[in-house]
Amino acid sequence: MPLALLALAVSAFGIGTTEFVMMGLLPNVADDLGTSVPTAGHLVSAYAIGVVVGAPLLTALGSRVPRKKMLLLLMALFFVGNLASALAPGFGWLVAGRVLAGLPHGAFFGVGAVVAARLVAEGRQARAVATMFLGLTVANILGVPAATLLGQHLGWRSTFLVVTLIGLLAMAALARLVPYVPVDERQSLGREVRALGRRQVLLGLLTAVFGFAGVFAVYSYLASMTTEVMGLSESSVTLVLALFGIGMTAGALAAGPLTDRALRPTLYGSLTALALVLVAFRFTIHVPWLALVTVVVLGAVGFMTTTPLQMLVMNKAKDAPTLASASNHSAFNLANAGGAWAGGAAVAGGWGWTSPTLVGAGLAVVGLAIAAVAGLLDRTRTDEAASRVVTGSGPVADEQTPAVSGSGTPASGS
């Protein structure tokens, strides 16, 4: 794998750390800024809003910017957002800093995925994208627990200062290791917007919203489940979150080769496994050692969905994959927010701390159903195209055509 993928992974590590670390620092931030923990929770939503807004907006604005320069500009914005968070004089300024830090998230992964796919030979694109995402999963094993401990002992501002330094390191790695990647001459904002409106792209995004929401219906309340249901101490929460991160990393490593081999079967299999594991968690959570094993498996099957979903929208967007790729991260963050809301609604409704597992399983099943319908429509269209070629009634655009064949853009694999 090219060293440039290491630079993308380092950047993903920094982004993943700043995205998830706030969950462990809410009490510290609330106490320091004189607000309540629920109010401080808006800082998590603020970052998600930044991602949802920034992914399509910044991708559109940078549609004609060379890819390496675009990555550097996005990471510079990440640097500024985290520095603003570290120096925020009050809660309102911290909210603004979190929104600013979230703006480049989706656009970076969208552009980064396209660049990663163009750096490797055809048939290895999914592995390249998964390597970049590996930085995001490692952040949950090392970055988030370490940053949380740092913030608890030296103050939450120190956490954001360290993340700011990671941003600088990432910029240096991008500048040094990523080669010049020109903008495709055929690429334009209009072409990107039209690609985003394709049926298979929209169905892929909708699959991400519902399917991945199943993960966050549980992950958002994993800390409370650890103490309230598993019966473990509060100090064990960091261990449980790290185990989830280990599972995420294993899922990312497995997803790349599997997606290169067979995209849709990998997507169907991971969503099915996610639903089953969430149902199983409803029962294993009462036995601590079984619960910890299930947490690892949950992280693995949950994150195994991300690579095939990313590759799917890139493939179906064909020769204009960047905006669709970035919008996929908006979909993932909508899933984060929606899953957390749905799981929280079940708990607030008096169904208990185990109820998010069944809510998550239901959401995963909905995501699987959407993916299955999309696959059926795709297969039907392909069959129609083959029939027309045989009968000589004229060509039909094949939605399974790779985005840019032969230039490092992902092959469908479906």
Query raised in the report: Average projected area of the Cα convex hull of the chain, in nm²?
Result: 18.9
Query - Exposed-loop-free span, longest in the chain, where GluC sites (Glu not before Pro) count as exposed if DSSP calls them loop and at most 16 other C-beta atoms lie within 10 Å - result: 186-414
Query - Ellipticity estimate at 222 nm from DSSP helix runs (n ≥ 4, -39,500 (n - 2.57)) divided over the chain, nearest 500 - result: -26000 deg cm²/dmol
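Relative to the present Cα-Cα distance, how much length would full extension add between Leu149 and Leu169 at 0.36 nm per residue of separation?
Gain in length upon complete extension: 5.1 nm.
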Query raised in the report: Distance in nm between label sites at Leu61 and Thr272, each 7 Å beyond Cα in the beta-carbon direction?
Result: 4.4
Report task. Report the label-to-label distance for Leu376 and Ala262 in nanometres (one decimal), using points 7 Å from each Cα along the Cα→Cβ vector. Result -> 2.0
Query raised in the report: In the chain, which whole DSSP H runs stretch at least 24 Å along their own axis (Cα) and average 0.0 or higher on the Kyte-Doolittle scale?
Result: 4-20, 42-61, 67-86, 91-118, 156-177, 199-219, 237-261, 263-284, 321-346, 355-391
Query raised in the report: Tell me, what % of the accessible area of the chain is carbon and sulfur with a 1.4 angstrom probe?
Result: 70
Query - Separation in nanometres of the label points that stand 7 Å from Cα toward Cβ, at Val193 and His42 - result: 3.3
**Report entry** Residues of the chain: accessible area per residue with a 1.4 Å probe, Å²
**Finding:** 38
Query - Relative packing of 358-370, 162-174, which averages over residues the other C-beta atoms within 10 Å, highest first - result: 358-370, 162-174
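The values are calculated or read from the model by the stated rules, or taken from the named source; none is laboratory data. In this text the structure is predicted, and so the values were computed from the model without any measurement. Positions of Cβ are backbone-derived with ideal geometry, glycine not excepted, and every protein chain shown enters the neighbour counts. Protein only, heavy atoms only, side chains kept; ligands, DNA and RNA dropped before computing areas. Shrake-Rupley method; radii C 1.70, N 1.55, O 1.52, S 1.80 Å.
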